[in-house]
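First comes the structure, then the notes that go with it.
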Amino acid sequence: MRIVMPELRKDPVIDRWVIIADNRGERPRDFEIAPRRSTGRLCPFCEGNERETPNEVQSVRDPGSSPNGPGWKIRVVPNKFPAVCDGDLGKPPAYDDALCHAEPAHGVHEVIIESPRHVSSLTQLTKDEVVLVLQTYRRRFEILESHPGLSSVMLFKNMGAEAGASLEHIHSQLIALPMIPSLQAAELQGAKAHFDASGRCVFCRMLLSESVSPRGVLGSERFTAFCPFASRFGYETWILPNRHVSHFQRITDDEIVDLADVLRKVLKAVETAVLPPAYNLVFHTAPLGDPPLEYYHWHVEILPAFAKAAGFEWGGGFHINPVYPEQAAQELRQTLEKTPESKDESIRQTEANSERLPMP
């Protein structure tokens, strides 16, 4: 039986939700065709093919160009194969008994097409183009704040087939939900517990520590990048604003310009270290509707598809990382040092940083 409306279903044992969306299997997958260019297959995200996507809900356009036609720099469109659907959030659950609880998967699922050119990575865009991308992200969060019934927004990018991308043309996705996903809820809970015990934001403490540790990767006036102490994946890298702020949509114009520069440089270093380049980029931010939180700090996580999850990861719930974060940070810094524009901004490191740690 085909179910048209995606469903949110809750696990009866632990507080975990899943989305059942059978229409996701209909997505186009041009990574399965190689080489892509010789097939002549139509890319739905390239300029001139706007009819292949739903009508745009936001765009950055050349003066005089018309919506849903050529002349754009960035387009935001509803996902043609959504995991969640906009609709009546007051509709009763589809199932609700002692074991089974399910309800319509209401929410917002959008695709942000970040360039009319057929490129795959933010590193292939200019700094000014990345600034426009980040400004578009901010605007989507601002708009969704006023959307009734939504509690969380997850903004993410799947780069490369190994990281789950189905189309190579550069794009990100945004999914807004009426609840807080379990991982985000655990992160918020842990951050609050740390603040209640110490009176300090755990992320601010990490910034002070990691900026001078062997795990530091790159620092700027407004952002710090580092490989976290308990990295789950080889070359996992976080980027945090130096200013304490809990919601991404409160980012300033100056911070956007700085982040565009730091993000391009760090992603380029990760793409050099992880071959073929494949990673998930995820924005972590406080829930919609919450006031500024003194215990939480928005940030970006870059999660390379360095090793696939297997039985232990799925069964135990934690990861085996084959690369020490200290070693990963050293390699990323060395890559950055080969780029003249990055060399002067590299974080000052301790003497311990010069020694390469053994593989576990």
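Annotations
- Per-region count, region 297-343, residues in a strand (DSSP E or B) and either out of contact with any Ser or Thr (no Cβ under 7 Å at 6 or more places or on another chain) or farther than 17 Å from Val270 by Cβ (or both): 5
- Residue ID - modelled with the lowest pLDDT, chosen from residues in region 233-248 that are open to solvent by less than 10 Å² (accessible area, probe 1.4 Å) and over 16 Å from Ser213 (Cα atoms): Gly234
- Test: residue in region 215-232 that is free of Cβ contacts under 8 Å to residues at least 40 places away in the same chain, farther than 24 Å from Phe318 by Cβ and open to solvent by less than 40 Å² (accessible area, probe 1.4 Å): yes
- Matching residues, region 126-161, being of a type in the set (A, V, I, L, M), open to solvent by 40 Å² or more (accessible area, probe 1.4 Å) and modelled with pLDDT of 95 or more: Leu132, Ile143, Met154
- Tally, over region 252-273, of residues that are over 16 Å from the mean Cα position of the chain (by Cα), within 29 Å of Ala186 (Cα to Cα) and not acidic (Asp, Glu): 1
- If the condition is being touching a helix residue (DSSP H, G or I) at 6+ places or on another chain (Cβ under 9 Å) and either assigned to a loop (DSSP other than H, G, I, E, B) or of a type in the set (Val, Ile, Thr) (or both), then region 246-273 contributes His247, Ile251, Ile256, Val257, Val266, Val270, Thr272.
- Verdict on Ala352 being in a loop (DSSP other than H, G, I, E, B), at pLDDT below 95 and on the phi < 0 side of the Ramachandran plot: no
- The residues listed here are Pro304, Pro276; of these, the one that is in contact (Cβ under 8 Å) with a residue 12 or more places away in the chain and crowded, with 19+ Cβ neighbours inside 10 Å is Pro304.
- Failed criterion for Pro291 (all others in (1) open to solvent by 50 Å² or more (accessible area, probe 1.4 Å); (2) part of a strand (DSSP E or B) hold): (2)
- The set of residues in region 212-247 that are closer than 30 Å to Ile143 by Cα and out of contact with any His (no Cβ under 8 Å at 6 or more places or on another chain) comprises Ser220, Glu221, Arg222, Phe223, Thr224, Ala225, Thr237, Asn242, Arg243, His247.
- Qualifying residue in region 249-260 (condition: in contact with an Asp or Glu (Cβ under 8 Å, 6 or more places away or on another chain), more than 18 Å from Val131 (Cβ to Cβ) and in contact (Cβ under 8 Å) with a residue 60 or more places away in the chain): no
- Residue in region 98-118 that is farthest from Leu8 (Cα to Cα), counting only those that are among the aliphatic types (A, V, I, L, M) and open to solvent by less than 20 Å² (accessible area, probe 1.4 Å): Ile113
- For region 197-214, a residue qualifies if it is free of Cβ contacts under 8 Å to residues at least 12 places away in the same chain, of a type outside the set (A, V, I, L, M, F, W, C) and on the phi < 0 side of the Ramachandran plot, and the qualifying residues are Ser198, Arg200, Arg205, Ser209.
- Per-region count, region 162-172, residues buried (at least 17 other Cβ atoms within 10 Å of the Cβ) and closer than 25 Å to Val60 by Cα: 7
The values are calculated or read from the model by the stated rules, or taken from the named source; none is laboratory data. Quick caveat, the model's predicted, so the values are computed rather than measured. We place every Cβ from the backbone using ideal geometry, glycine too, and count neighbours over all the protein chains shown. Ligands, DNA and RNA are excluded from the accessible area calculation, which covers all protein heavy atoms including side chains. Shrake-Rupley method; radii C 1.70, N 1.55, O 1.52, S 1.80 Å.
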